[in-house]
Structure formats: C-alpha cells, structure tokens
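The structure follows.
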Amino acid sequence: MNKYLFILLVPVLFSCKSKEVIVTQEPLKERSQAFLIRHIDKNKFDFEWLGMKLDAEFTNGDDQQGFKATVRMRKDSAVSVSVSPALGIEVLRLIVDKDSLKMVSDIPGDRYVFLGSVDQLSDLAKIDLDLSTLQDLLIGNPIGLSREEGKMKSGIELQDVEYYTLVSRLSRRVRRATESQDSLSNHEGRRISKRLEDNDWISSKFWIESNNYKIVKCELTDIRTRRMVQINYSDFDEEDLSHYPHKCNIQIDDIKGKTSLDFRIIRLNTQNHYDFSFDYDKDYPIKRK
C-alpha cells in the first residue's frame with residue numbers, strides 16, 4: 001500500500017485600502033440538537049451519480065506530494081479514484097464498494113494489484129471509513145454525527161464569527177473506564193476497553209455555520225489511542241443549491257506524528273453515469289494485505 005491511497009479513507013485576499021468592508025452577524029439563537037441535525041440533514045449534498053476533478057496535496061512530516069485525482073461515485077454503490085501526480089499519467093486506480101477495496105498501482109518499480117476488503121480502508125486511512133462515510137467525507141456531508149436524541153449537546157461558539165456546535169456526550173461508563181486506563185498498565189487498559197463498543201470511545205465536536213447549516217469543521221478523537229482527526233471545509237459554492245465546499249483539509253494527529261491531506265474540487269458533475277469495472281494487467285503480482 002502507498003501514500004496515494006490516503007485520499008480515500010485529507011486565498012490570496014485582495015483588498016482595497018480606501019474602503020473597508022465590515023461583516024456583521026446577528027447573535028445566534030440557541031438551538032437544540034434535534035433542530036440542528038434536522039437542518040443539517042435537510043441541507044446535505046444529495047446525488048445519485050457524481051464526478052469530480054481534484055487538486056490535492058498530501059503531507060507527512062517533511063514529505064509533501066501534490067497530485068490530481070478524478071473521483072467518480074454512485075451513491076451507496078461505488079467510488080472510483082484515479083490518481084495522476086504528474087503529466088496526467090495515471091499511477092494509481094482504485095475502486096471501493098460495499099464489500100471490497102481494489103487497486104492497481106502503476107508506479108514504476110512498484111507495480112501490483114491489491115484485492116482486499118472494504119474494512120482495510122479504515123486501517124489505511126486511520127479513520128473509520130466505509131463506502132457511505134467515504135462518499136460523505138469527499139463531498140462535505142457530516143461523518144460521525146450521532147442522530148440519537150441526547151447523544152450530543154448543542155451550543156454556540158465564537159471564532160471568526162459565531163457558529164453552532166454539537167459536542168458528543170460521553171457515557172459514565174466511558175469516563176470511568178478512561179480514568180481506570182490512566183492508572184493501569186497497558187495490558188489492563190486493553191482489557192477494560194474491550195468491555196465497551198468502539199464507537200463509545202469516540203469524542204466528537206462539530207462547528208455549523210448558520211446560513212445553510214453546513215459543517216465547517218469537525219474533530220473526532222479516539223480517547224484510547226489519543227488520535228485526533230480534524231476536518232475543515234471552506235469555500236462553499238454560493239450558486240449550487242447544495243452549497244458544497246470546494247476545499248477540504250484533513251489532519252490526523254497521533255503518536256506517530258501528523259499527516260494531512262488538502263484537496264480542492266475544481267470541477268463537479270452530477271449528470272454523467274459511470275462504469276466501475278476493474279481491469280488490470282494479469283502479469284502484476286497480487287497483494288491482499
């Protein structure tokens with residue numbers, strides 16, 4: 001597996017000195033969890049078929065790699081990604097569906113075919129991903145947002161402007177287990193963690209703008225591993241009814257260091273239908289993990 005796979009699973013301001021534009025905002029009214037989630041769902045990007053052209057950059061420590069990608073999706077069916085880091089020559093092609101992850105690497109000196117399970121997508125990206133979550137992530141729909149009443153606390157937070165927030169409420173069981181983990185050995189800590197579901201350990205926070213109720217930022221933290229994933233969306237399309245974000249920044253911070261993926265949607269199409277067949281050179285070696 002190689003770093004280009006990470007894409008699944010990360011302005012120049014012109015001003016006029018003679019005139020200053022001041023943006024004001026009316027103070028936000030308090031809203032409940034149910035109200036915010038209802039409006040977020042109402043304004044999600046909905047599609048049947050979707051094609052995108054992306055400019056992207058992956059950073060891991062001091063290593064940076066820019067590339068272009070073509071993404072094609074059918075809702076709840078499949079995602080294909082073609083990566084071309086230079087001169088428009090494809091070096092990586094992959095398809096994700098509900099059950100499988102398939103990839104062809106044409107990188108000189110590292111040519112192979114990967115045939116695996118969709119479960120391996122999460123291991124690679126360091127974030128819980130399945131087909132639906134991957135599609136939401138790429139188009140700016142919220143991931144990891146609990147719809148269960150009482151699971152999250154709503155609020156208002158001032159950053160550059162006021163944003164609505166939704167913060168997960170950790171159960172008493174998780175808080176007690178976390179306190180116990182801090183005082184026990186690693187072996188005993190792992191024993192405690194198995195008593196709880198994986199999702200119980202995820203702390204989440206979302207920032208929501210108040211015009212179209214789009215997620216502008218979210219933080220997902222695994223309390224056990226201290227891994228934090230931060231996703232920032234910006235440059236929302238004012239003309240498209242979905243108000244999708246043109247820009248996305250994904251940052252992952254864990255004990256191994258920091259990695260990030262920035263991508264910008266430069267073209268988007270919802271009219272075309274796509275073929276998700278998977279062809280490859282039969283002489284390439286096959287990997288399964």
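If Met103 satisfies every condition in (1) under 19 Å from Asp281 (Cα atoms); (2) surrounded by fewer than 16 Cβ atoms within 10 Å (Cβ to Cβ) but one, which is the exception?
Single failed check for Met103: (2).
Is it the case that segment 111-122 has a residue that's in contact with a Ser or Thr (Cβ under 7 Å, 6 or more places away or on another chain), in a strand (DSSP E or B), surrounded by fewer than 16 Cβ atoms within 10 Å (Cβ to Cβ) and not hydroxyl-bearing (Ser, Thr, Tyr)?
yes
On the basis of being under 13 Å from the mean Cα position of the chain (by Cα) and either modelled with pLDDT of 90 or more or polar (S, T, N, Q) (or both), does Gln181 make the cut?
No.
Have a look at Met73, Met103, Met52 and point out the one that is out of contact with any His (no Cβ under 9 Å at 6 or more places or on another chain) and more than 16 Å from Ser277 (Cα to Cα).
Met52
Let me ask something additional. Could you pull out every one of the strands (runs of 3 or more DSSP E) wholly within segment 207-289 that has 1 or more residues that are surrounded by fewer than 15 Cβ atoms within 10 Å (Cβ to Cβ)?
Result: 227-236, 245-254, 257-269.
While we're here: Would it be correct to say that Gly61 is out of contact with any strand residue (DSSP E or B) (no Cβ under 7 Å at 6 or more places or on another chain), on the phi > 0 side of the Ramachandran plot and surrounded by fewer than 19 Cβ atoms within 10 Å (Cβ to Cβ)?
No.
Name every residue in segment 85-100 that is surrounded by 15 or more Cβ atoms within 10 Å (Cβ to Cβ) and either within 19 Å of Leu50 (Cα to Cα) or modelled with pLDDT under 90 (or both), in order of residue number.
Scanning segment 85-100 gives Pro85, Arg93, Leu94, Ile95, Val96, Asp97.
Can I ask one more? If you check Thr165 against the conditions, is it in a helix (DSSP H, G or I), crowded, with 17+ Cβ neighbours inside 10 Å, at pLDDT 90 or above and on the phi < 0 side of the Ramachandran plot?
In short, no.
Conditions (1) farther than 19 Å from Pro142 by Cα; (2) modelled with pLDDT of 90 or more; (3) of a type outside the set (S, T, N, Q), marked per residue:
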residue: Asp222; (1), (2), (3): no, no, yes
residue: Thr225; (1), (2), (3): yes, no, no
residue: Gln230; (1), (2), (3): no, yes, no
residue: Glu239; (1), (2), (3): yes, no, yes
residue: Tyr244; (1), (2), (3): no, yes, yes
residue: Lys258; (1), (2), (3): yes, yes, yes
residue: Leu261; (1), (2), (3): no, yes, yes
residue: Arg264; (1), (2), (3): no, yes, yes
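Limited to segment 31-51, what total is found for residues that are buried (at least 20 other Cβ atoms within 10 Å of the Cβ), in contact with a Ser or Thr (Cβ under 9 Å, 6 or more places away or on another chain) and under 19 Å from Cys248 (Cα atoms)?
2
Applying the selection to segment 123-155, what residues are part of a loop (DSSP other than H, G, I, E, B) and within 22 Å of Ile250 (Cβ to Cβ)?
The answer is Lys126, Ile127, Asp128, Leu129, Asp130, Gly140, Asn141, Pro142, Ile143, Gly144, Leu145, Ser146.
The values are calculated or read from the model by the stated rules, or taken from the named source; none is laboratory data. Predicted, not measured: the structure shown is a model, and the values here were computed from it. Backbone-built Cβ (ideal geometry, glycine too); neighbour counts: all protein chains shown.
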